[in-house]
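> This is the structure I have questions about; it appears just below.
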Amino acid sequence: ISIAHSRPSGAELPPGPRGLPLIGNLLQIPPKHSWLKFYEWSQQYGPLYRLSVMGRNQVIVSTEKVANGLLRERGNIYSSREQLPMAAKLMSRDLRPLLLPYGERWRRGRKLMHAMTMPSAATSYQPLQTSESEHLLVDLLRQPDQYEFLLERYAGAVIMRLAYDKSYEGNEDDVRKALQVVHTVERVASPGAYLVDTFPFLMYLPDFLAPFKREAKALHQFELTFFRSMLADVRERLSVNACGPCFARSFLERQDSWSLSMDEGAYVLGTLFEAGSGTTAAAMMSFILAMLHHPAWQTAIQCEVDDICGADGRLPNFADVPQLPTVRAVIKEVLRWRPVTAGGVPHELERDDVYDGVFLPKGTNVHANQWAIHRDPALYPDPDTFNPARWLDEKYPTYRTPLDRYPNLQNSSAFGFGRRICPGMNIAENSLHLLTARLAWAVDVRKKPGVDVPWYNYTEGFNVQPKPFQFELIARSADKRRIVEQTWQQSLARGPGR
Ligand code: HEM
């Protein structure tokens with residue numbers, strides 16, 4: 001009724017599949033990997049179509065043009081988040097920046113995030129990413145079957161040092177707790193994980209009738225205690241001059257100027273950890289998967305890196321990245337082919353709007369479906385094929401020069417859109433470029449004889465990664481192995497700050 005009242009004349013709601021009374025399209029949306037179904041529907045209903053779920057408008061966007069047209073160009077009204085009762089309210093108690101509505105608290109937190117992750121700051125973290133990558137390489141060669149843990153450890157260790165100036169060694173328990181929080185958010189915020197998200201009136205049940213409320217309380221307590229203890233630890237080290245530069249230190253030293261309470265600050269820092277560790281690791285797992293299926297591209301990046309660093313010369317560094325367009329194209333294509341946030345993180349619309357003659361009511365949840373956006377044939381011919389050449393060859397619409405700068409991950413839709421775009425993009429880009437180059441130089445990954453590697457067997461949730469798969473990972477030569485070992489020993493000898 002409210003839609004009928006406020007719709008401007010001539011503007012229609014977007015098209016979409018017909019649903020049932022009251023529940024709308026609820027039963028037609030698959031509980032896992034919904035982006036695949038959304039992609040299928042986009043072929044029938046176009047780049048902007050509508051679903052209704054329990055009376056809530058869900059609009060699915062399937063091209064970059066429409067996503068930018070709404071989420072970036074009209075960012076003043078398309079930058080909020082739906083307040084999911086379980087994840088945003090009961091578990092995060094309005095403190096988790098990723099889930100906060102567009103408003104004052106989010107803005108203050110985002111300012112802090114921005115200061116710590118902007119390009120000039122991200123460049124200063126490169127030595128730390130370099131030394132963690134050495135740890136990763138040496139252990140991958142020793143225990144390749146531990147690749148999931150080691151990639152997560154890399155990403156977790158980088159953020160642990162950036163956020164709290166703590167190394168992984170000796171603080172394994174903190175990293176374990178942080179990863180536990182990451183996995184919990186992924187699970188709790190997944191669409192359909194809790195009935196209360198579909199039927200918000202369940203929020204008003206008394207605690208003794210609502211086990212999910214008790215669970216949320218315990219989860220909140222766990223993460224708040226953990227985030228606070230990490231901050232308290234930095235404050236203690238600061239008081240005895242034993243804390244190096246880190247996000248938490250910058251926050252504590254200038255807390256007034258950020259206008260954030262202790263708990264708000266603790267959550268901003270904790271969120272950087274949770275948003276930055278699983279995602280970076282997931283992208284690297286998809287990179288390995290891509291190399292198993294496309295060995296010719298592995299050979300191409302190996303040759304490119306060897307040309308610059310010498311077949312048995314030295315490990316590639318950040319300074320080499322401008323000269324490695326194929327390496328950059330491969331990782332960019334990985335994020336296109338297997339986006340980490342495949343369905344996108346939805347943005348909520350705060351006011352009625354009309355876009356291209358289509359009416360979008362206030363409260364609409366806009367899903368920029370990366371799976372579909374990355375398969376728009378006008379931009380990505382033959383979209384299901386993993387083809388890094390689309391970033392390197394002028395015959396493709398996505399080719400851009402100069403090649404010492406492009407391709408890069410700036411403004412890649414894999415990092416979202418508009419005012420909520422991933423603030424960690426520069427840090428992630430640096431990690432992904434360095435790791436791809438270093439893996440290409442040091443190791444060969446290949447399928448195990450007779451063992452099948454699935455093309456798309458991914459976890460569920462809003463950030464996805466390939467479920468464990470088997471493969472061989474070996475040093476490309478004895479010399480390379482020796483150099484990897486030696487580099488790590490030198491890094492260790494430099495001490496904890498390395
Ligand atoms: C491959 C790695 C990564 C991918 C693919 C990725 C992707 C994304 C996406 C799609 C969003 C949602 C954007 C939107 O709403 O339109 C997001 C948000 C976010 N990301 Fe990342 N991210 C990555 C790494 C990182 C890193 C390394 C950090 C931190 C250092 C980080 C911190 C965040 C935060 C704090 C948000 C929430 C922003 C907000 O709601 O205002 N991410 N990311």
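The values are calculated or read from the model by the stated rules, or taken from the named source; none is laboratory data. These numbers come from a predicted model, not from an experiment. Methodologically, a virtual Cβ is constructed for each residue, glycine included, from the backbone with ideal geometry; neighbour enumeration extends over all protein chains shown. Remember, those area values only see protein heavy atoms, side chains included, never the ligands or the DNA or RNA. Shrake-Rupley method; radii C 1.70, N 1.55, O 1.52, S 1.80 Å.
> Return the residues of segment 393-419 that are under 11 Å from residue 332 (Cα atoms) and touching a residue at least 60 places away in the same chain (Cβ under 8 Å); say none if nothing qualifies.
Scanning segment 393-419 gives 406, 407, 408, 409, 412, 413, 414.
> For the condition within 29 Å of residue 154 (Cβ to Cβ) and open to solvent by 10 Å² or more (accessible area, probe 1.4 Å), what is the one hit in 436, 401, 326?
The conditions single out 326.
> I would also like to ask the following. Going through segment 149-193 one residue at a time, which ones are under 16 Å from the mean Cα position of the chain (by Cα), more than 16 Å from the ligand (Cβ to nearest atom) and open to solvent by less than 30 Å² (accessible area, probe 1.4 Å)?
Once the filter is applied, which keeps residues that are under 16 Å from the mean Cα position of the chain (by Cα), more than 16 Å from the ligand (Cβ to nearest atom) and open to solvent by less than 30 Å² (accessible area, probe 1.4 Å), segment 149-193 yields only 184.
> While we're looking at this one, here's another question. For segment 194-220, enumerate the residues that are open to solvent by 40 Å² or more (accessible area, probe 1.4 Å), closer than 18 Å to residue 365 by Cα and in contact with a helix residue (DSSP H, G or I) (Cβ under 6 Å, 6 or more places away or on another chain).
The answer is 200, and nothing else.
> A further question follows. Read through the list (1) open to solvent by less than 20 Å² (accessible area, probe 1.4 Å); (2) closer than 17 Å to residue 420 by Cα; (3) away from the ligand (no atom under 12 Å from the Cβ), then give the number of the only condition that residue 109 fails.
(3)
> Of all residues being of a type in the set (Lys, Arg) and closer than 27 Å to residue 276 by Cβ in segment 317-363, which is farthest from the ligand (Cβ to nearest atom)? Just the residue, please.
328
> Restrict the check to segment 253-261 and report whether at least one residue is of a type in the set (A, V, I, L, M) and within 15 Å of the ligand (Cβ to nearest atom).
yes
> While we're here: Can you pull out every residue in segment 230-249 that is open to solvent by 50 Å² or more (accessible area, probe 1.4 Å) and either within 14 Å of the ligand (Cβ to nearest atom) or touching a residue at least 12 places away in the same chain (Cβ under 8 Å) (or both)?
235, 245, 249
> OK, next. Could you check segment 82-102 and list, in sequence order, the residues that are open to solvent by 20 Å² or more (accessible area, probe 1.4 Å) and touching a residue at least 12 places away in the same chain (Cβ under 8 Å)?
Within segment 82-102, 82, 83, 84, 89, 90, 93, 95, 98, 99, 101, 102 meet the criteria.
> Kindly evaluate residue 165 against the criterion of being acidic (Asp, Glu), farther than 23 Å from residue 466 by Cβ and at pLDDT 95 or above.
In short, no.
> Here's another thing I want to ask about it. What are the residues in segment 448-498 that are open to solvent by 70 Å² or more (accessible area, probe 1.4 Å), in a loop (DSSP other than H, G, I, E, B) and either of a type in the set (A, V, I, L, M, F, W, C) or on the phi > 0 side of the Ramachandran plot (or both), if any?
450, 455
> Also, quick follow-up: Which members of segment 148-202 meet the condition of being within 24 Å of residue 342 (Cα to Cα) and among the acidic types (Asp, Glu)?
148, 152, 186, 197, listed by residue number.
> Identify, from the list 56, 74, the residue that is farther than 16 Å from residue 191 by Cβ and open to solvent by 50 Å² or more (accessible area, probe 1.4 Å).
Exactly one of 56, 74 is farther than 16 Å from residue 191 by Cβ and open to solvent by 50 Å² or more (accessible area, probe 1.4 Å), namely 74.
> Select from segment 176-219 the residues that are at negative phi and not in a helix (DSSP H, G or I) and list them in ascending order.
Residues satisfying the conditions are 189, 190, 191, 193, 194, 199, 205, 206, 210.
> While we're on this one: Show the residue pairs that are 6+ apart or on different chains and have beta-carbon atoms under 7 Å apart, the first residue being within segment 115-139 and of a type in the set (Phe, Trp, Tyr), the second being at pLDDT 90 or above.
Short answer, once both residue conditions are applied: 125/162; 125/427.
> Among the residues of segment 89-139 satisfying the criterion of being in a helix (DSSP H, G or I) and hydroxyl-bearing (Ser, Thr, Tyr), which is nearest to residue 181 (Cα to Cα)?
The qualifying residue nearest to residue 181 (Cα to Cα) is 117.
> Go through (1) more than 24 Å from the chain's Cα centre (by Cα); (2) modelled with pLDDT of 95 or more; (3) open to solvent by 50 Å² or more (accessible area, probe 1.4 Å); (4) not charged (D, E, K, R) for residue 49 and report which single condition fails.
Failing condition for residue 49: (3).
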